[in-house]
Amino acid sequence: MARLSRLSHFAATLMLLATWLAAPAAFAGKSYQYAAVGDPANVVKPHPGKPSLVLMGGGPDVDAAFAWMITQGGGGNFVVIRSRGADEYNPYIYAMGGVQSVETLVIPSRAAASDPFVIERIRGAEALFIAGGDQSDYINFWQGTPVQAAIQELAANNIPIGGTSAGMALLGKFGFSALNGGLLSADALANPFDRRVTLERDFVNLPDMGGLIADSHLDARDRMGRLVTFMARIVNDGWAPSVHGVGVDVETALLVKDGSATRVGAGAVYFLSTVGVPGVCKPKTPLTYRNIGVQRLSGGAIFDMRNWAAYNGGAISYTISAVNGVLSSTQPGGSPY
């Protein structure tokens, strides 16, 4: 959720006043909810020359990531989509300046995901952000609908696309769909075929996100083990001979432009890569998967998503292994983080 407390009282007051003055009447009786601040008249701008993405790890939002998206898109209409919740992103993003409008679409059904107005607003976005929530909603409500097609169209036109938490989970080639609920690392490592290990592929195909799976809240919710399990299943099940993983801490974002990624925020970003196939990956049996490479980005290094390597310092390399369902690393003390 946006954290208005991060702004001064004066700025927050101005934001709320702008929202009250500019918000349109509620769309009563519609299958979706829509709210806007600023002038939502469609802006026509040249498409950016390079693709740009934001992977945000959940928790408190990262102001710098939204400001960066606004710059990459050139202003205009900034659109937020979600399956539940309200429009609290509108005043938060609008107060940063540089946009004509910020709009939120709550799309809670397949009917809403086929509504012409919803599709029009998404297709007209100069930047698109997918909020957190429950990614199973996005699979159940959006997959195979015009919303999914509209997101893909934006990607093809190099429109900046970002997501936080659940909104980030489906931006990779592969994703944790959470169709049977959430999952702890300990449960995933103990049984990589737990019914809650539900994976999907090709929700969207974004530049520089092929061949990888992403997970959020990595530090706060100790999700390294489940990310390793997801990667093991992708290789074990024959979806890919090898796979990359990206784990993002809370209050942290990865900014990717034309294959070059930088980190902003309070935490770290982890870049994982598999070596070979899992030693043991079968139902009701603890996972064994050794020597997964990790590069932890916590400074100002640039990470090359295409060559999977960090430059300019700031990255620490080590390996992690799951052995009989227990995760350890080659770092002093064995921490996977």
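The values are calculated or read from the model by the stated rules, or taken from the named source; none is laboratory data. Nothing here was measured: the structure is a model prediction, and the numbers come from that model. Backbone-built Cβ (ideal geometry, glycine too); neighbour counts: all protein chains shown.
The requirement of being more than 16 Å from residue 62 (Cα to Cα), in the same structural domain as residue 207 (by TED's automatic domain parsing), among the β-branched types (Val, Ile, Thr) and crowded, with 23+ Cβ neighbours inside 10 Å is satisfied by residue 246.
In the stretch 134-154, the condition of being closer than 30 Å to residue 280 by Cα, out of contact with any strand residue (DSSP E or B) (no Cβ under 6 Å at 6 or more places or on another chain) and part of a loop (DSSP other than H, G, I, E, B) is met by no residue. Does residue 48 fit the bill of being closer than 24 Å to residue 270 by Cβ, modelled with pLDDT of 95 or more, in the same structural domain as residue 102 (by TED's automatic domain parsing) and part of a loop (DSSP other than H, G, I, E, B)? So residue 48 fails the test. Selection over the stretch 265-295 of residues that are crowded, with 20+ Cβ neighbours inside 10 Å, within 22 Å of the chain's Cα centre (by Cα) and either of a type in the set (Ser, Thr, Tyr) or outside any loop (DSSP other than H, G, I, E, B) (or both) gives a count of 7.
Results for (1) modelled with pLDDT of 95 or more; (2) more than 19 Å from the chain's Cα centre (by Cα); (3) crowded, with 23+ Cβ neighbours inside 10 Å, shown as yes or no for each residue.
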| position | (1), (2), (3) |
| --- | --- |
| 65 | yes, no, no |
| 81 | yes, no, yes |
| 85 | yes, no, no |
| 91 | yes, yes, yes |
| 107 | yes, no, yes |
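All of (1) more than 24 Å from residue 61 (Cα to Cα); (2) within 20 Å of the chain's Cα centre (by Cα); (3) surrounded by 14 or more Cβ atoms within 10 Å (Cβ to Cβ) hold for residue 306 with one exception: (3). Among the residues in the stretch 142-154, are any surrounded by fewer than 20 Cβ atoms within 10 Å (Cβ to Cβ), of a type in the set (Gly, Ala, Ser) and either out of contact with any Ser or Thr (no Cβ under 9 Å at 6 or more places or on another chain) or over 26 Å from residue 263 (Cβ atoms) (or both)? Checked the stretch 142-154: at least one residue is surrounded by fewer than 20 Cβ atoms within 10 Å (Cβ to Cβ), of a type in the set (Gly, Ala, Ser) and either out of contact with any Ser or Thr (no Cβ under 9 Å at 6 or more places or on another chain) or over 26 Å from residue 263 (Cβ atoms) (or both).
Restricting 193, 203, 176 to those that are within 19 Å of the chain's Cα centre (by Cα) and over 22 Å from residue 60 (Cα atoms) reduces the list to 203. For the stretch 199-207, the criterion of a residue being crowded, with 22+ Cβ neighbours inside 10 Å and of a type in the set (Asp, Glu) is satisfied by no position.
Which residues, counting only those in the stretch 77-125, are in a loop (DSSP other than H, G, I, E, B) and among the polar types (S, T, N, Q)?
Correct list: 83, 100, 109.
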